[in-house]
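Novice: Below is a structure I'd like to ask you about.
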Amino acid sequence: MFRLLDNPATLFVEIELDGAVVELPQGISLAAALLYLDAVPLRDSIVDDAPRAPYCMMGLCFDCLVEIDGVENQRACQVEVQPGLRVRRQLRPGAVPGDR
């Protein structure tokens, strides 16, 4: 559904997502990068386990919360992709990423 714009000057860097190494363009929004990878949902609602994914893309809705470098509840839309990020989706215990 999402694609990257063609730009030969784009620098790709490696980050870790749920234990797997992926390459993403440096400097773009982490939420946008995760949508590009189709790595949704990013978390489960604490109220009813409903899947959540980036929505507002500007830090207001808190639907894009992920764990970044061991710190939970970080808004992916407010973080730029940088080399070495360690990102984990906040899914319910026992859930397998992509298992929906």
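Novice: Mind checking which residues of segment 43-55 are surrounded by 13 or more Cβ atoms within 10 Å (Cβ to Cβ) and assigned to a loop (DSSP other than H, G, I, E, B)? Before the answer, list the steps.
Specialist: Taking segment 43-55 and keeping what is surrounded by 13 or more Cβ atoms within 10 Å (Cβ to Cβ), we get 43-44, 51-55.
The answer is 53, 54, 55.
Novice: Would you pick out the residues in segment 12-34 that are in a loop (DSSP other than H, G, I, E, B) and surrounded by 10 or more Cβ atoms within 10 Å (Cβ to Cβ)?
Specialist: Going residue by residue through segment 12-34, those that are in a loop (DSSP other than H, G, I, E, B) are 18-19, 26-28.
Those that are in a loop (DSSP other than H, G, I, E, B) and surrounded by 10 or more Cβ atoms within 10 Å (Cβ to Cβ): 18, 26, 27, 28.
Novice: Moving on. Just to be sure, is residue 39 modelled with pLDDT under 95, surrounded by 11 or more Cβ atoms within 10 Å (Cβ to Cβ), within 9 Å of the chain's Cα centre (by Cα) and part of a loop (DSSP other than H, G, I, E, B)?
Specialist: yes
Novice: Next up: Given 27, 59, which one is in contact (Cβ under 8 Å) with a residue 12 or more places away in the chain, touching a helix residue (DSSP H, G or I) at 6+ places or on another chain (Cβ under 6 Å) and not aliphatic (A, V, I, L, M)? If you could, list the steps in order and put the result at the bottom.
Specialist: Working: 27 fails: touching a helix residue (DSSP H, G or I) at 6+ places or on another chain (Cβ under 6 Å).
Answer to the selection: 59.
Novice: For residue 74, state whether it is in contact with a strand residue (DSSP E or B) (Cβ under 8 Å, 6 or more places away or on another chain), crowded, with 16+ Cβ neighbours inside 10 Å and without any contact (Cβ under 8 Å) to a residue 12 or more places away in the chain. Before you say what the answer is, go through the steps one by one.
Specialist: Values: in contact with a strand residue (DSSP E or B) (Cβ under 8 Å, 6 or more places away or on another chain): yes; crowded, with 16+ Cβ neighbours inside 10 Å: yes; without any contact (Cβ under 8 Å) to a residue 12 or more places away in the chain: yes.
Judged against the criteria, residue 74 is a match.
Novice: Please go through segment 56-89 and pick out each residue that is farther than 16 Å from residue 28 by Cα and either at pLDDT below 90 or assigned to a loop (DSSP other than H, G, I, E, B) (or both).
Specialist: 60, 61, 62, 63, 69, 70 - these are the residues of segment 56-89 that are farther than 16 Å from residue 28 by Cα and either at pLDDT below 90 or assigned to a loop (DSSP other than H, G, I, E, B) (or both).
Novice: Would you please list the contacts, defined by Cβ atoms under 8 Å and residues six or more apart or on different chains, that run from a residue in segment 30-53 that is without any contact (Cβ under 8 Å) to a residue 24 or more places away in the chain to a residue that is in a loop (DSSP other than H, G, I, E, B) and among the polar types (S, T, N, Q)?
Specialist: 52/45
The values are calculated or read from the model by the stated rules, or taken from the named source; none is laboratory data. Being a predicted model, the structure only gives us computed values, none of them experimental. So basically every Cβ, Gly included, is an ideal-geometry build from the backbone, and we count neighbours across all protein chains shown.
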